[in-house]
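This report concerns only the one structure given below.
The values are calculated or read from the model by the stated rules, or taken from the named source; none is laboratory data. Quick caveat, the model's predicted, so the values are computed rather than measured. With ideal geometry, Cβ positions are generated from the backbone for all residues, glycine too; neighbour counts draw on all protein chains shown.
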Ligand SMILES: C[S@@+](CC[C@H](N)C(=O)[O-])C[C@H]1O[C@@H](n2cnc3c(N)ncnc32)[C@H](O)[C@@H]1O
């Protein structure tokens, strides 16, 4: 059995190497080495379904980096909850954030046992900053928020909520993200990327459903709804390579770009009642 969220860290872990899993397949498509033959086989299946999927995951990772940089440099965010953080790779969130502001605090959350094993790699940081890893299911919002506070996040202050390439693994994505939106202070930012429900995505979604039992691409309106009443920052919800592209970014692969949408939204200040004037 895999380590369950909350299981003692000393207990032996079965990584479930014989079946593909989300985090390792993503690592494989990114060109990483933390994956097994079942994951590579499944990645090949995905590429047969749609050869643009490799570019899609790279565009997703690049969006994550640009958006975190924006949150630190332009929105002044100094603390982050990265939910569904994935296996450590290049340009992890704390590396991007602490490069601009060394005091940034980052809490990573994932339910994957191999991510837990590699969490140590995520926990190196600047002397001023702080990183932590919470092994939990994203649905356990109360547990995650409690542990994040104990790990040093001040939830009375704005936080960057990162739900990057995770919400399409839930049929009830709104129920997953809403408690985090509700708990976050005004001025917090929500970062989402998500697979789009369109014919070119059908084979990819079907392969995920067949082998991993998850995979719910959504329409643009359904993805927009996941931001709740938060205000999208410019340029709004876009294809992954179109969100504040870097100056010398390579030309986007439009076929890959059509498969994903992303955006960053800010939680507005509460409207103060005006009272009754006569
Ligand atoms: C495609 S990866 C994305 C990684 C990273 N956010 C990125 O965009 O580069 C999705 C991650 O979500 C995690 N995940 C999926 N379902 C989850 C759940 N119910 N609770 C916590 N993590 C989950 C997977 O283990 C995986 O690491």
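The residues of the range 64-77 that are more than 14 Å from the chain's Cα centre (by Cα), surrounded by 18 or more Cβ atoms within 10 Å (Cβ to Cβ) and over 12 Å from residue 161 (Cβ atoms), listed by number, are 70, 72. Can you tell which of 61, 24, 78 is modelled with pLDDT of 95 or more, near the ligand (Cβ under 10 Å from one of its atoms) and farther than 21 Å from residue 261 by Cβ? Sole residue among the options that is modelled with pLDDT of 95 or more, near the ligand (Cβ under 10 Å from one of its atoms) and farther than 21 Å from residue 261 by Cβ: 24.
If I filter the range 134-154 for residues that are more than 11 Å from the ligand (Cβ to nearest atom) and under 21 Å from residue 30 (Cβ atoms), do I get at least one hit? No.
What's the total number of residues in the range 44-58 that are away from the ligand (no atom under 12 Å from the Cβ) and in contact with a helix residue (DSSP H, G or I) (Cβ under 7 Å, 6 or more places away or on another chain)? Show your work before the answer.
Within the range 44-58, the subset away from the ligand (no atom under 12 Å from the Cβ) is 44-45, 47-52, 54-55.
In the following step, the residues that additionally are in contact with a helix residue (DSSP H, G or I) (Cβ under 7 Å, 6 or more places away or on another chain) were identified as 45, 47, 49-50, 52, 54-55.
Final tally of qualifying residues: 7.
Taking the numbered list (1) away from the ligand (no atom under 12 Å from the Cβ); (2) touching a strand residue (DSSP E or B) at 6+ places or on another chain (Cβ under 9 Å) in turn, residue 122 passes all entries but (1). Of the residues examined, residue 239 is not one that is within 16 Å of the ligand (Cβ to nearest atom), in contact with a helix residue (DSSP H, G or I) (Cβ under 8 Å, 6 or more places away or on another chain), at pLDDT 95 or above and closer than 30 Å to residue 18 by Cα. Given the structure, is residue 244 surrounded by 19 or more Cβ atoms within 10 Å (Cβ to Cβ) and in contact (Cβ under 8 Å) with a residue 40 or more places away in the chain? No, not satisfied. Among the residues of the range 248-259, are any in a helix (DSSP H, G or I) and buried (at least 18 other Cβ atoms within 10 Å of the Cβ)? Yes, the conditions are met somewhere in the range 248-259. With respect to residue 269, is the statement that it is exposed (fewer than 15 other Cβ atoms within 10 Å of the Cβ), free of Cβ contacts under 8 Å to residues at least 40 places away in the same chain and either in contact with a helix residue (DSSP H, G or I) (Cβ under 6 Å, 6 or more places away or on another chain) or on the phi < 0 side of the Ramachandran plot (or both) true? No: the conditions fail for residue 269.
For beta carbons closer than 8 Å, sequence separation of 6+ or different chains, a first residue in the range 54-80 that is free of Cβ contacts under 8 Å to residues at least 60 places away in the same chain and a second that is assigned to a loop (DSSP other than H, G, I, E, B) and within 15 Å of the ligand (Cβ to nearest atom), the qualifying pairs are 58/30; 61/30; 61/89; 61/91; 65/91.
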